[in-house]
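Structure record follows, encoded as structure tokens.
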Amino acid sequence: MVASSSPSLSVELNGLKLKNPIIAASGTFGYGLEYAPLGDLGKLGGIVTKGLSMWEEKGNPPPRICETPAGMLNSIGLDNIGIENFITEKLPQLIRYDTAFIVNIWGRETDDYIKAAERLDEAKGIAALEVNISCPNIKKGGITFGTDPSVTFKLVQAVRKRTALPLLVKLTPNVTDIILIARSAEDAGANALSLINTLLGMEIDVSTRRPSLANITGGLSGPAIRPVALQMVYQTAKKVNIPLVGVGGISSVADVIKFMLAGASAVQIGTANFFDPTICWRLVDELEEYLRNDNISDVNQLVGAMREE
Amino acid sequence: MGFQLLEKKIYHLSLSVQKQKSVAPGYWVLSLQSPQISSAAAPGQFVLLKIDKNFDPLLPRAMSIHSIIRADNYRIGFTILYKVVGKGTRLLSEKRSGESLAVLGPLGTGFKLSHIASGYEPIIVGGGIGIAPLLFLAQELMERSYTPTVFLGANSQEELLALDEFESLGFTPKVSTEDGSKGVKGMVTDLLGSYLEDSKGLQAEIFACGPAPMLEKAASLAKSYKLNSQLSLEQRMACGLGACLGCVVKIKNKNSGHSYQRVCTEGPVFNGEDIIW
Ligand SMILES: Cc1cc2nc3c(=O)[nH]c(=O)nc-3n(C[C@H](O)[C@H](O)[C@H](O)COP(=O)(O)OP(=O)(O)OC[C@H]3O[C@@H](n4cnc5c(N)ncnc54)[C@H](O)[C@@H]3O)c2cc1C
Ligand SMILES: Cc1cc2nc3c(=O)[nH]c(=O)nc-3n(C[C@H](O)[C@H](O)[C@H](O)COP(=O)(O)O)c2cc1C
Ligand code: FES
């Protein structure tokens, strides 16, 4: 019936409109411009920047990455140019592209997040903020913000009050019950949730008996974590009423569809950009082709449509 | 798009292997046809190779551009010279003519040549597999009418790479091997040291690639003879595009302190003086 017309790819994440559900994940696509030589950034649903803070951050000493079975560990240490430099140097170049720029923010204490949100709220050309709560809170003895429901609630609420931009909250999988954290973020006013961030991991080089990363531990990402992320999206989708963005190991159009069937309204592509640098563009085409072949007129029909009997 | 900075040419292509040749036990030269990458490439730049379509190995491997293949003066392809050290390079050595590889490149900032004035002597110093990017550099310098002095070092005669290629370009490299099986017995930096001592006051610039201890030695020699040095470094990589910040090395800041710079973007070639070892 609708087979001949183009299927609709656009999605709406509770206030954030995207032309399609394919988003480049934080920390894997730089500030966007790094990938501009490979394709038109304006074709992508969105781009999440590297995690930005109010200050310039040097990050951890090398080696910072190490390959693991079907995955990789990283301990970049949130190396970033700082929000001020981002606004003056990167943003003017980015606004030429018709895509949703989502700025990922982090801090060491609540006040850092508040300042970041206030500053970015004034800037033009930003579609949304993504709050990375997988960071240690120095005021709370280094406990990760996103592992405690009440800390998560207070942080998200504080940021919510400072900005009118749509807020995505990026959840860490390194928790006992991700639903508790997801609900806290929802109650505090998040528009949508991104899950998951990297899983804690480490590797040792037996020949030198030294850790493979200078920081000893790091975050695991890539195809190896995909089933974990999928399960968390599935579980969370049943318990919250705001849209979810699925992240973790996605490297094919089948993976995109899996996350949507499990309940994600959009997806982010991370580590796959490294081993398949034009994947984001291809996924937009392949998703459209999938919908057309299956006679699905609107991509939103996939969301949560896993058959459970 | 009319945006100058963004018009850096980087290609992501599926290329089929033209030729794969063993040049010494465990060392191979792979030829790939690509007018685009070879035309855009400069000496010291590299490519990322996704060796297997599946997830093992997952990340692409960095390989320097060893030489440019020409036909009727057109650049039609390039070679890489590599050593088998692990799973990725072993699988790469099993690729045969016709098999394809996903290639991203050319990447990075190569050797800076524009400031080299006539009367300056370029000195090329390569150790082991570090010789790989230096043949392309020698070719380019020749085209610009400079005559570099070439130093090549290896563990043994068997592992001394690309000597024939340098000779067929008309160079007579000064050679050292650690076991003395070819040239002078010892380190290539010992050879370089005595050359610099014998030619004091020489206006020269050093271009080097090799293992870290060799590069550190080359940097300190350059410093004591007040010469500039450009050294090609290695670091584990993921994106090759400057996005992941995984490949950094420690570099001195202008005033004080240090910063981390990306081998894939600001490098792989750095000023010897700026590197913190
Ligand atoms: C800019 C650059 C240019 C290079 N040019 C050449 C070249 O022309 N010829 C050549 O033989 N080798 C070159 N190398 C080194 C080459 O990339 C590694 O030897 C190769 O990645 C090893 O992969 P593997 O799977 O065989 O080894 P493994 O030991 O299994 O690799 C494990 C991991 O470590 C990384 N790794 C291991 N050794 C190195 C290294 N020395 N440098 C960077 N990453 C490493 C791999 O990418 C991988 O992620 C270059 C490296 C860089 C950074
Ligand atoms: C090198 C690297 C850097 C990352 N940096 C950030 C970051 O700054 N902020 C953030 O919220 N997530 C960061 N992430 C996490 C990713 O955005 C993503 O959540 C995670 O890698 C899982 O997805 P993937 O398996 O598709 O990579 C980073 C991941 C990698 C591999
Ligand atoms: S390899 Fe990703 S920044 Fe250099």
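Considered as a group, the residues in the stretch B:267-277 that are more than 13 Å from chain A (Cβ to nearest Cβ) and within 16 Å of ligand 3 (Cβ to nearest atom) include one that is surrounded by the fewest Cβ atoms within 10 Å (Cβ to Cβ), and that residue is B:Phe270. B:Lys50 meets the stated requirement of being basic (Lys, Arg), more than 30 Å from B:Pro122 (Cα to Cα) and within 16 Å of ligand 3 (Cβ to nearest atom). Please specify each residue of the stretch B:110-131 satisfying the condition of being open to solvent by less than 50 Å² (accessible area, probe 1.4 Å) and either within 12 Å of ligand 1 (Cβ to nearest atom) or over 30 Å from B:Ser220 (Cα atoms) (or both). Within the stretch B:110-131, B:Gly110, B:Gly126, B:Gly128, B:Gly130, B:Ile131 meet the criteria. With respect to A:Gly45, determine if the residue is crowded, with 21+ Cβ neighbours inside 10 Å, under 18 Å from A:Gly270 (Cβ atoms) and away from every other protein chain (no Cβ under 11 Å). Here the answer is yes, as A:Gly45 does meet what is asked. In the stretch B:19-88, counting only strands (runs of 3 or more DSSP E) that sit wholly within it, the ones holding 2 or more residues that are more than 20 Å from B:Gln235 (Cβ to Cβ) span B:27-33, B:67-71, B:74-83. Filtered by the rule that a residue be within 14 Å of another protein chain (Cβ to nearest Cβ) and of a type outside the set (S, T, N, Q), the stretch B:7-40 gives B:Glu7, B:Lys8, B:Lys9, B:Ile10, B:Tyr11, B:His12, B:Leu13, B:Ile37, B:Ala40.
The criterion of at least 1 residues that are closer than 21 Å to A:Ile65 by Cα and not acidic (Asp, Glu) is met, among helices (runs of 4 or more DSSP H) falling completely within the stretch A:207-287, by A:226-237, A:272-275.
Take the conditions more than 14 Å from chain A (Cβ to nearest Cβ), within 15 Å of ligand 1 (Cβ to nearest atom) and touching a residue at least 60 places away in the same chain (Cβ under 8 Å) and apply them to B:Ser97. Does it pass? When the stated conditions are applied, B:Ser97 does not pass them.
Selection of the stretch A:66-86 for residues being closer than 16 Å to B:Cys247 by Cβ, touching a residue at least 60 places away in the same chain (Cβ under 8 Å) and within 19 Å of the chain's Cα centre (by Cα) yields A:Met72, A:Leu73, A:Asn74, A:Ser75, A:Gly77.
The values are calculated or read from the model by the stated rules, or taken from the named source; none is laboratory data. The structure displayed is predicted, hence computed values, not measured ones. Every residue, glycine among them, receives a Cβ derived from its backbone with ideal geometry; neighbour counts consider all protein chains shown. With ligands, DNA and RNA removed, areas are computed over all heavy atoms of the protein, side chains included. Shrake-Rupley method; radii C 1.70, N 1.55, O 1.52, S 1.80 Å.
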